[in-house]
Amino acid sequence: MKKILMVVSSFEKYPQSARACGLWLGEAVHFVSRVEAARYTVDIVSPRGGYTPIDPLSLALADELDWEWYQNKSFMNRLGSTLQPAAVRPQDYAAIYFAGGHGAVWDFPDNAALQAIAREIYQQGGVVCAVCHGVAGLLNIRLDDGSLLVEGKQMSCFSNTEERLSGLAGQLPFLPENELVKRGARYHKAPEPWDPFALVDQRVISGQNPASTARVAELLLEALRTHSWP
């Protein structure tokens, strides 16, 4: 059985304020817990490799499962020792998943190594997934025919409304919803902010917000069940 690759942010701090960012912990926990329960192995990579900063707000809003995994030394050691992109063999993976947290908007979009990994996984028939701000990692992926991965696909990500409600829109270099639309994606979101919402289109799975993480994992497992991976 092929493995799943999870991408997490290496970006620790908002550039213009004394506030930490990084990975939204629940977007790793609620994904890994479900796909590992389905007996998939998950490797973790980050733009820099090594330590993964955790957004403290994600701990302030953590649920019971988040706390359970936060106290799991084995899991947290994995987040503390992520792979560097150069160490990843795309042919080993059935899917790649970009977890969110605001850090992702800085170190995901222009990382050529991560784009190349995702492109190869997709073009070998694999699945590309992202949730919330992790969708930033999909924005600039170009396939071998020159087209953008996101162009024409039905997708979601953290909405402009949720960004404004979070009070952080003004600190970001861009809003993911705007950038998806600029690149020709067909944007969708839940009727109400913070509600779970995820969808799949042509082996690209995207979720709106942290609450959507479990649904992204479920859609991925459904997609993988339809493809017989050795």
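The values are calculated or read from the model by the stated rules, or taken from the named source; none is laboratory data. These numbers were taken from a predicted model, which means no experiment stands behind them. Using ideal geometry, Cβ is built from the backbone for each residue, glycine included, and neighbour counts are taken over all protein chains shown. Ligands, DNA and RNA are excluded from the accessible area calculation, which covers all protein heavy atoms including side chains. Shrake-Rupley method; radii C 1.70, N 1.55, O 1.52, S 1.80 Å.
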- Query: Can you pull out the residues in segment 51-65 that are of a type outside the set (A, V, I, L, M, F, W, C) and free of Cβ contacts under 8 Å to residues at least 40 places away in the same chain?
  - Reply: Pro56, Asp63, Glu64
- Search result, residues across segment 1-50 that are in a loop (DSSP other than H, G, I, E, B), free of Cβ contacts under 8 Å to residues at least 40 places away in the same chain and of a type in the set (A, V, I, L, M, F, W, C): Ala18
- Message: Considering only segment 84-104, I want to know if a residue exists there that is closer than 20 Å to Val131 by Cβ, acidic (Asp, Glu), part of a helix (DSSP H, G or I) and more than 13 Å from the chain's Cα centre (by Cα).
- Response: no
- Flag if Gly100 is touching a Cys at 6+ places or on another chain (Cβ under 7 Å), closer than 18 Å to Val32 by Cα, open to solvent by less than 10 Å² (accessible area, probe 1.4 Å) and modelled with pLDDT of 95 or more: yes
- Message: Quick check on this structure: which one of Arg48, Arg39 is open to solvent by 80 Å² or more (accessible area, probe 1.4 Å) and closer than 19 Å to Leu220 by Cα?
- Response: Arg39
- Message: I'd like to know if segment 143-150 contains one or more residues that are part of a strand (DSSP E or B) and surrounded by fewer than 18 Cβ atoms within 10 Å (Cβ to Cβ).
- Response: yes
- Filter result for the condition that a residue is open to solvent by less than 30 Å² (accessible area, probe 1.4 Å) and either over 28 Å from Tyr14 (Cβ atoms) or out of contact with any His (no Cβ under 8 Å at 6 or more places or on another chain) (or both), over Leu79, Leu83, Leu59: Leu79
- For segment 177-210, how many residues are among the small types (Gly, Ala, Ser), surrounded by 20 or more Cβ atoms within 10 Å (Cβ to Cβ) and either in contact with a Phe, Trp or Tyr (Cβ under 8 Å, 6 or more places away or on another chain) or within 17 Å of Phe31 (Cα to Cα) (or both)? 3
- Message: Under 9 Å between Cβ atoms, which residue pairs at least 6 apart in sequence (or on different chains) link something in segment 212-228 that is buried (at least 19 other Cβ atoms within 10 Å of the Cβ) with a partner that is basic (Lys, Arg) and assigned to a loop (DSSP other than H, G, I, E, B)?
- Response: Leu224/Lys2
- May I ask you to verify whether Glu177 is of a type in the set (D, E, K, R) and in contact with a Ser or Thr (Cβ under 9 Å, 6 or more places away or on another chain)? yes
- Restricting the search to segment 103-138, which residues are open to solvent by 10 Å² or more (accessible area, probe 1.4 Å) and aromatic (Phe, Trp, Tyr)? Trp106, Tyr122
- Verdict on Leu199 being outside any helix (DSSP H, G or I) and either in contact with a helix residue (DSSP H, G or I) (Cβ under 9 Å, 6 or more places away or on another chain) or at pLDDT below 95 (or both): yes
